[in-house]
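Okay, so here's the structure we're looking at.
The values are calculated or read from the model by the stated rules, or taken from the named source; none is laboratory data. These numbers come from a predicted model, not from an experiment. Because the Cβ atoms are built from the backbone with ideal geometry, glycine has one as well, and the counts that use them run over all protein chains shown. In case anyone asks, the SASA skips ligands and DNA or RNA and just uses the protein heavy atoms, side chains included. Shrake-Rupley method; radii C 1.70, N 1.55, O 1.52, S 1.80 Å.
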Amino acid sequence: KLTSPVATEAAWLRSAGWPLYALVDRFGTNATLDAEANCIAVAVYHEARGESLEGQLAVARVIMNRAASGKYPSTWCKTVKQPWQFSFVNPRTGAFPYTDFESASWRKAVGVTRLAVANAVPSLPTDCLWYHADYVSPSWGRRLNRIEKIGTHIFYRA
């Protein structure tokens, strides 16, 4: 598999000591996304914009892991829009709420998404398919193995 230009550049910048916030800024400025990556960015924006960049990257990784797992729909958009999976998505229509595409939060979500899609920054393992906020206690969480807590999100594998 060919390495993407984002992965190549990010690897070089990381080796030069660039921290995650600088990479996110670099890859979120004046960047465009295809439709599938846009679904990840919208999810990062709505699910994790108040979280650390590491937490935002982890949310992006869960979406990608789900789509690759065979347990969820096989595209990122279908995974995000699957009813009752992400609280910001209308479960009846799959519609997304308003997103401020001119905001700093959106630029961060774009940068995080570009880094996640390029697999340019280490994040969660590929078998991490679930997370929830620490202020809720879903029954399914007791059946899974906790991987780690990043900000207010707790991440799990089966």
Self-check item: Pair-distance profile P(r), taking every C-alpha pair of the chain, with 5 angstrom steps and integer %
Solution: 2, 10, 18, 23, 22, 15, 7, 3, 1, 0
Quiz item: With every protein chain kept in the model, how would you rank Ser15, Ser139 by accessible area, 1.4 Å probe, largest at the top?
Solution: Ser15, Ser139
Quiz item: Rounded, prolate or oblate: which fits the stretch 80-158, taking a ≥ b ≥ c as square roots of the Cα gyration tensor eigenvalues, rounded meaning a/c under 1.5, else prolate when a/b beats b/c?
Solution: oblate
Quiz prompt | Magnitude of the charge dipole, the stretch 92-158, Cβ model with Lys/Arg +1 and Asp/Glu -1, debye to 20 | solution = 200 debye
Practice problem: At a 1.4 Å probe radius, which order do Phe101, Phe88, Phe96, Phe27 fall into by accessible area, largest first? | Solution: Phe101, Phe96, Phe88, Phe27
Self-check item: Student exercise, the chain dipole from Lys, Arg, Asp, Glu Cβ charges, in Debye to nearest 20
Solution: 520 debye
Exercise. May I ask which residue of Phe86, Tyr98, Asn38 lies farthest towards the positive end of the charge dipole of the chain, with charges of +1 (Lys, Arg) and -1 (Asp, Glu) on Cβ and the Cα centre as origin?
Key: Phe86
Quiz item: Heavy-atom accessible area per residue, the stretch 55-123, 1.4 Å probe: how many Å²?
Solution: 48 Å²
Exercise. Name the shape class, rounded, prolate or oblate, that the alpha-carbon gyration tensor gives for the stretch 10-65, where a ≥ b ≥ c are the square roots of its eigenvalues, rounded holds for a/c under 1.5, and otherwise prolate holds if a/b is larger than b/c and oblate otherwise.
Key: prolate
Quiz item: Round to a whole number: what % of the accessible area of the chain belongs to carbon and sulfur, probe 1.4 Å?
Solution: 51 percent
Self-check item: Angle between the chain longest axis and helix 35-48 axis [Cα atoms, degrees, rounded to 10]
Solution: 70 degrees
Quiz item: When only C-alpha pairs under 8 Å and at least 6 residues apart count, what is the relative contact order of the chain, in percent?
Solution: 29 percent
Quiz item: Going by alpha carbons, how many degrees (0 to 90, nearest 10) lie between the helix axis of 104-117 and the longest principal axis of the chain?
Solution: 90 degrees
Quiz item: Any idea of Leu13's accessible area? Nearest 10 Å², probe 1.4 Å.
Solution: 10 Å²
Quiz prompt | Accessible area per residue in Å² at 1.4 Å probe, computed on the stretch 1-52 | solution = 59 Å²
